[in-house]
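Q: Quick one: the structure is below, and I'll ask about it shortly.
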Amino acid sequence: MTGPILVARGDELLRYSFPSPHPLGRQRLERFYQMLDSEKLGYVRYVKPVKATRETITLFHTERYVSFVEKMSEVGSGYLDYGDTPAFPGCYEAAAYVVGTTIHLLDKVLDEGVKAFNPMGGLHHARRDRAGGFCIFNDAGVAIEYLLRKAGITNVAYIDIDAHHGDGVCYEFYDDDRLIFADIHQDGRTLYPGTGFRDETGTGKARGLKLNIPIPPFSSDEEFFNAFREVENFLEGHRFDFILFQCGADGVEGDPITSLQYSPKAHSYAARRLAEIADRKCGGRVLAMGGGGYNPDNVGRAWLAVVKGLAGEV
Ligand SMILES: [Zn+2]
């Protein structure tokens, strides 16, 4: 059995919640924690959320954008983008907690050789200078910059199975050969953000280091497993020192805003395989980040599967 799995837990993470009827609300995380409690997994250790400093957030985001979020957080209404991501009172602090918690867990993974999960993380649509698709600050983007610039890591692998393409990570590191990127998502012709096609493989020195696998709406586990095997082959061909795993649950059948039809077996399989690959190729260093998922029961089941998968359970 793999050693403890750290899971971030605390009210500060629940604050990242848009006013009803927005689909991203606190009920999804609450359901996950409830299900995790009922399983009584002996290897789970909870870690309290930590707020990121401005210095940490600006490892990825521009000063100008961070100031804009600060201002909108005080105003407490309106939108941070063109209509998907509302501002709310305290949204700066809520987003800063998501980033800080991801970075805190990264440090734990690096220092203690444990595996970890920030269920509120994985906000993969935010760009360096703007919000997008319910994402205020891109904790995954900050994590990549932190690993490369502060933690002495040379190459990072980022794997994303959210139903939506991880555009904020893909394009902000599109020419960076230090980021190995693989993303399985619903075909961009049928879902936000409308990107992530096969021919988008990176540019310059990074050509061939970005793998985008769009799959058709209504795809189920079989299509997912085929796509994930391609991701595994891709990872086998590259060298990296850390795995970041965005495990969005919005591809599970019954999500209100996507059309994929996975079961939580997709999440279980991906987490287990990535944990094995991490053990073999990069000292076991893997951090999972939650991402999307708008059917609370699905979110609970999928992320429970992630926790068990990281621990090597089927
Ligand atoms: Zn999503």
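The values are calculated or read from the model by the stated rules, or taken from the named source; none is laboratory data. Please read all numbers here as calculations on a predicted model, not as lab measurements. Reconstructed Cβ throughout: ideal geometry from the backbone, glycine too, with neighbour counts over all protein chains shown.
Here's the yes/no breakdown for (1) at pLDDT below 95; (2) buried (at least 18 other Cβ atoms within 10 Å of the Cβ); (3) within 13 Å of the ligand (Cβ to nearest atom):
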{"position": "ALA157", "(1), (2), (3)": "no, yes, no"}
{"position": "ILE161", "(1), (2), (3)": "no, yes, yes"}
{"position": "LEU179", "(1), (2), (3)": "no, yes, no"}
{"position": "ALA182", "(1), (2), (3)": "no, yes, no"}
{"position": "THR201", "(1), (2), (3)": "no, no, no"}
{"position": "LYS205", "(1), (2), (3)": "no, no, no"}
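Q: So, one more: Given the condition of a type in the set (Gly, Ala, Ser), surrounded by fewer than 22 Cβ atoms within 10 Å (Cβ to Cβ) and part of a loop (DSSP other than H, G, I, E, B), answer yes or no: does some residue in the stretch 49-63 qualify? Walk me through how you get there before you give the answer.
A: In the first step, residues of the stretch 49-63 are kept if they are of a type in the set (Gly, Ala, Ser); the result is 52.
Pick out the ones that are also surrounded by fewer than 22 Cβ atoms within 10 Å (Cβ to Cβ) and you get none.
Within the stretch 49-63 (the criterion being of a type in the set (Gly, Ala, Ser), surrounded by fewer than 22 Cβ atoms within 10 Å (Cβ to Cβ) and part of a loop (DSSP other than H, G, I, E, B)), the answer is no, since none of the residues qualifies.
Q: Another question about this same structure. Looking only at the stretch 280-303, count how many residues are more than 15 Å from the chain's Cα centre (by Cα) and touching a residue at least 40 places away in the same chain (Cβ under 8 Å).
A: Number satisfying all stated conditions: 11.
Q: Just name the residue that is farthest from the ligand (Cβ to nearest atom) out of those in the stretch 240-256 that are farther than 30 Å from ASP107 by Cβ and crowded, with 22+ Cβ neighbours inside 10 Å.
A: Only one residue tops the list, namely VAL252.
Q: Something else about it: From GLY237, GLY196, grab the single residue that is within 16 Å of the ligand (Cβ to nearest atom) and free of Cβ contacts under 8 Å to residues at least 40 places away in the same chain.
A: Every option except GLY196 fails the conditions.
Q: Let me ask something else. Quick one: how many residues across the stretch 4-33 are exposed (fewer than 13 other Cβ atoms within 10 Å of the Cβ) and over 21 Å from PHE137 (Cα atoms)? Give the steps one after another, and end with the answer.
A: Filtering the stretch 4-33 for residues exposed (fewer than 13 other Cβ atoms within 10 Å of the Cβ) gives 11, 19-21.
Subsequent filtering for residues that are over 21 Å from PHE137 (Cα atoms) retains 21.
Within the stretch 4-33, residues that are exposed (fewer than 13 other Cβ atoms within 10 Å of the Cβ) and over 21 Å from PHE137 (Cα atoms) number 1.
Q: Anything in the stretch 260-314 that is crowded, with 20+ Cβ neighbours inside 10 Å and at positive phi? List them, or say none.
A: Once the filter is applied, which keeps residues that are crowded, with 20+ Cβ neighbours inside 10 Å and at positive phi, the stretch 260-314 yields GLY291, GLY293.
Q: Let me ask you something else. Return the residue satisfying two criteria in turn: it lies in the stretch 279-304 and is of a type in the set (Gly, Ala, Ser) and touching a Cys at 6+ places or on another chain (Cβ under 8 Å), and of such residues it is farthest from GLY166 (Cα to Cα).
A: For the stretch 279-304, the residue satisfying everything is ALA302.
Q: Right, here's the next one. Restricting attention to the stretch 110-133, which residues are surrounded by fewer than 24 Cβ atoms within 10 Å (Cβ to Cβ) and farther than 17 Å from LEU179 by Cβ?
A: Step one: filter the stretch 110-133 for residues surrounded by fewer than 24 Cβ atoms within 10 Å (Cβ to Cβ), giving 110-114, 127-130, 132-133.
Result: LEU110, ASP111, GLU112, GLY113, VAL114, ASP129, ARG130, GLY132, GLY133.
Q: What is the number of the single condition among (1) among the β-branched types (Val, Ile, Thr); (2) under 19 Å from MET35 (Cα atoms); (3) over 15 Å from the mean Cα position of the chain (by Cα) that ILE257 does not meet?
A: It fails just one condition, (2).
Q: To continue, here is another question. Give the stretch 257-300 a look and list any residue that's within 30 Å of PRO21 (Cβ to Cβ) and away from the ligand (no atom under 16 Å from the Cβ), or say none.
A: Passing the criteria: SER263, ASP297, GLY300.
Q: Same structure again: For the stretch 191-205, name all the residues that are closer than 16 Å to ILE159 by Cα and small (Gly, Ala, Ser).
A: Residues satisfying the conditions are GLY196, GLY202.
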